[in-house]
1. For segment 271-291, how many residues meet the condition of being part of a helix (DSSP H, G or I) and acidic (Asp, Glu)?
2. Kindly check whether there is at least one residue in segment 134-145 that is buried (at least 21 other Cβ atoms within 10 Å of the Cβ) and assigned to a strand (DSSP E or B).
3. For segment 336-353, what are the residues that are of a type in the set (Gly, Ala, Ser) and either part of a helix (DSSP H, G or I) or over 15 Å from GLY47 (Cα atoms) (or both)?
4. Quick check on ALA104: is it part of a helix (DSSP H, G or I) and small (Gly, Ala, Ser)?
5. Give the residues of segment 317-335 that are assigned to a loop (DSSP other than H, G, I, E, B) and within 22 Å of ALA187 (Cβ to Cβ), sorted by residue number.
6. Taking only pairs six or more apart or across chains, which ones have beta-carbon atoms under 7 Å, a first residue in segment 1-21 that is outside any loop (DSSP other than H, G, I, E, B), and a second residue that is at pLDDT 95 or above?
7. Within the bounds of segment 253-270, is there any residue that is under 15 Å from the mean Cα position of the chain (by Cα), part of a loop (DSSP other than H, G, I, E, B) and within 25 Å of ALA136 (Cα to Cα)?
8. Out of GLU183, GLU217, GLU158, report the one residue that is at pLDDT 95 or above and in a helix (DSSP H, G or I).
Amino acid sequence: MDIFDKCSRYTDAKQVMAAGLYPYFQVVQSAQDPEVIVDGRRMIMVGSNNYLGLTSHPRIKEAAIRAVERYGTGCAGSRFLNGTMDLHHEVEARLAKFKKKEAALLFAAGYQTNLGVISALVGKDDVVIIDRWNHASIIDGCRLAFGQTLKYRHNDMEDLERILVSHPEKGKLIIVDGVFSMEGDIANLPGIVRLARKYGARIMVDDAHATGVLGKEGRGTAEHFDLEDEVDIVMGTCSKTLAAVGGFIASSHDVIHYLKHNARSMIFSASLPPPCVATIGAAIEVIEQEPERRAQLWKNAQRVREGFQEMGFDTGLSETPVIPVMPGDELQAFRMGRELYEQGIFANVSVRSAVPEGRALIRTSYMATHTDAHIDQVLKAFQIVGRKLGVI
């Protein structure tokens, strides 16, 4: 058997392409702003995670430029060897302070952060317990770990307790998305904390879609629930509100020291480049100094969610700026994505395995920099498409 046989047999995407409905790998020819250029057309972007609109913020762009002028474009090695600069330490200290933890550690990507942290912490005598709707990077990190992986039903505390009760002698790590990336609902962190205390488990929260978005000061899920002292590890990505690329972990000094010497995805990867690191530090400053951005983000999200619901769209479990429209059927989702594209709206089509079977959706997400005019056009386009396809 030829190992490449599976490649020629894979026809799922080709069938969607042949139908003229393929929505992926669209080439964007401009910055990730509320309006983007795709195929020479100006479109409204509601498929970006640039929640606070910081990728084009003048102060943040200037920080990246200054970093290139001082440090060059890359580190030419891993953090473990030659790739740790004073800039990394400065931004890690800023991240730790922002997340109210003792220390922080930067990784080259959010995906690599979860792979490295989970596989390093969860040993053969441990169990890692995850929500079934957690991000793929968490699932893949669990696959790399030597411990046992157990899943509980989405946000179901009774099911979580059932698992905890059955493993009294094991080391236990509960991992959960703070904001679930597809339907935009928030983890039941108070329930998780209560059970973790009761059964001696540690808690790790993936704040990829919560950093800069949730909490009075934008510190994330734990701040949102006033539980910052109860969460042991906070993970975050730098490609969303932090306007760059990369990932980070924030925790105690002991945990960070251990990860520095055991997280293989950090040790054996090239260091995050200086302009990205400088961007992250500048973005934290803007998040702290410009709270009006977060207020506008939530105002925009509330208006869109209410508009969709008034039209009769199913917006799933959304309670954040991630707002799905859920046709449920995969073919209908592809059709809807194509029709929206024709209306000048860039949205994301999400089907298996990004979402459970039967929950295919159009994923939309909003920015603080969307104007009322942008939102008017989005709502109008969704109404036209929804009626045309019989979704509403």
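The values are calculated or read from the model by the stated rules, or taken from the named source; none is laboratory data. What you see is a predicted model; the values in this text were computed from it and never measured. With ideal geometry, Cβ positions are generated from the backbone for all residues, glycine too; neighbour counts draw on all protein chains shown.
1. 2
2. No - not one qualifying residue is present in segment 134-145.
3. GLY337, SER353
4. no
5. Residues satisfying the conditions are LEU317, SER318, GLU319, THR320, PRO321.
6. Between residues of segment 1-21 that are outside any loop (DSSP other than H, G, I, E, B) and residues that are at pLDDT 95 or above, the close pairs are ALA13/TYR22; VAL16/TYR22; VAL16/PHE334.
7. No, segment 253-270 has no match at all.
8. GLU158
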